[in-house]
Amino acid sequence: MRADLVVIGDRVRWSPTVEGTGIIEEVLPRKSVLARAAPPSRPLKEAARYKPAAETLEQQVIVANLDQVLVVFSVHNPTPNPLMLDRYLVACEAVELPMVVVVNKMDLLEEDEERDVLALYRRLGYDVHYTSAVALQGLEGLRAVLRGKLSVLAGPSGVGKSSLLNALWPLLQRKVGEISEARDRGKHTTVVSQLLQPDPDTYVADTPGMRQFRFWDIDPEQLDAFFPEMRPHIGKCRFSPCTHIHEPGCAVMVAVEQGEIDPLRYESYCRMFEHGF
Ligand code: GDP
Ligand code: ZN
């Protein structure tokens, strides 16, 4: 099974063979796992009609023993996609991984634009950092967040993940992609996952395919619990269980109408509930 393979972040028991090499004897239990769905191994046409069910999808572990996930977005080029951000957040809530939101390319912010991009997430209690890899802004704060931990940088291509790592630790010399190229989904560049160690006690997992990042065995009926602002309303609906989508007397829908829950977040909830993650 793929989940048994050694992945980035794994702690192993090994024995040395000749000098400098060794054999892995055992992968030690993982304290956390970040996984994604492996692509369905059936013809595309069939796959299009194929409704993924948790038990039939194959789990592909990307990183083990993570301390936190940094989800990087940019102010512009590309602009943030709240649904995508919510998917990452729900995934992290589901596996109980701390998560930090990074808003990069702050140098591209126009004067008349609000400075607190994605401020909604700060109100929800998430840590939001504002950076610019070009104008070298917000880097000390970001370095402090990363220090002493094993983190993964997630987020769409072209937002500046490699650039931020280079700005923080110039010796890393991560390859910086062109946006047009990064957006070309048809391109299948084979990228190998790497564990970077920019400081003696700091690790950053650089993994391809974080776009498909999703979590595993979540029951749609539990989805509400992974939206922190919904939690106080759960159990107060007229019906139980309540999907919070069409039932009369739904406390969550009342909270949306009264402005206690942001409509965009509620929309993300509905889309994830109906179409999966
Ligand atoms: P990644 O795909 O997330 O690793 O993004 P890259 O680091 O490859 O950056 C994609 C593009 O965005 C490159 O052309 C970078 O030069 C540019 N870029 C990265 N960070 C910034 C930033 O803070 N400001 C601006 N203006 N451009 C940036
Ligand atoms: Zn409800």
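The values are calculated or read from the model by the stated rules, or taken from the named source; none is laboratory data. Please read all numbers here as calculations on a predicted model, not as lab measurements. We place every Cβ from the backbone using ideal geometry, glycine too, and count neighbours over all the protein chains shown.
Points to keep in mind about this one:
- Pair list, Cβ under 8 Å, 6 or more apart: the stretch 5-31 residue more than 23 Å from ASP67 (Cβ to Cβ), other residue of a type in the set (A, V, I, L, M): SER15/ILE23; THR17/ILE23; GLU25/VAL12
- Qualifying residue in the stretch 263-273 (condition: free of Cβ contacts under 8 Å to residues at least 40 places away in the same chain and touching a Pro at 6+ places or on another chain (Cβ under 9 Å)): no
- The stretch 254-263 - residue that is in a loop (DSSP other than H, G, I, E, B) and of a type in the set (Asp, Glu) and, of those, surrounded by the most Cβ atoms within 10 Å (Cβ to Cβ): ASP262
- Of the criteria (1) modelled with pLDDT under 95; (2) within 14 Å of ligand 2 (Cβ to nearest atom), which one LEU195 fails: (2)
- Residue count, the stretch 46-86 (criterion: β-branched (Val, Ile, Thr), assigned to a loop (DSSP other than H, G, I, E, B) and modelled with pLDDT under 85): 1
- Single match in LEU223, LEU172 (criterion: modelled with pLDDT of 75 or more and touching a Pro at 6+ places or on another chain (Cβ under 9 Å)): LEU172
- Positions within the stretch 230-253 being out of contact with any Phe, Trp or Tyr (no Cβ under 9 Å at 6 or more places or on another chain), touching a residue at least 12 places away in the same chain (Cβ under 8 Å) and surrounded by 15 or more Cβ atoms within 10 Å (Cβ to Cβ), in sequence order: HIS233, ILE234, CYS237, ALA251
Conditions (1) out of contact with any Asp or Glu (no Cβ under 6 Å at 6 or more places or on another chain); (2) within 19 Å of MET84 (Cβ to Cβ); (3) not acidic (Asp, Glu), marked per residue:
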position: GLU96; (1), (2), (3): yes, no, no
position: VAL117; (1), (2), (3): yes, yes, yes
position: TYR121; (1), (2), (3): yes, yes, yes
position: HIS129; (1), (2), (3): yes, yes, yes
position: SER132; (1), (2), (3): no, no, yes
position: GLY141; (1), (2), (3): yes, no, yes
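- Just one of (1) farther than 15 Å from TYR88 by Cα; (2) touching a residue at least 60 places away in the same chain (Cβ under 8 Å) fails for LEU124. It is (1).
- Residues (of a type in the set (A, V, I, L, M, F, W, C) and not in a strand (DSSP E or B)) located in the stretch 14-32: VAL18, LEU28
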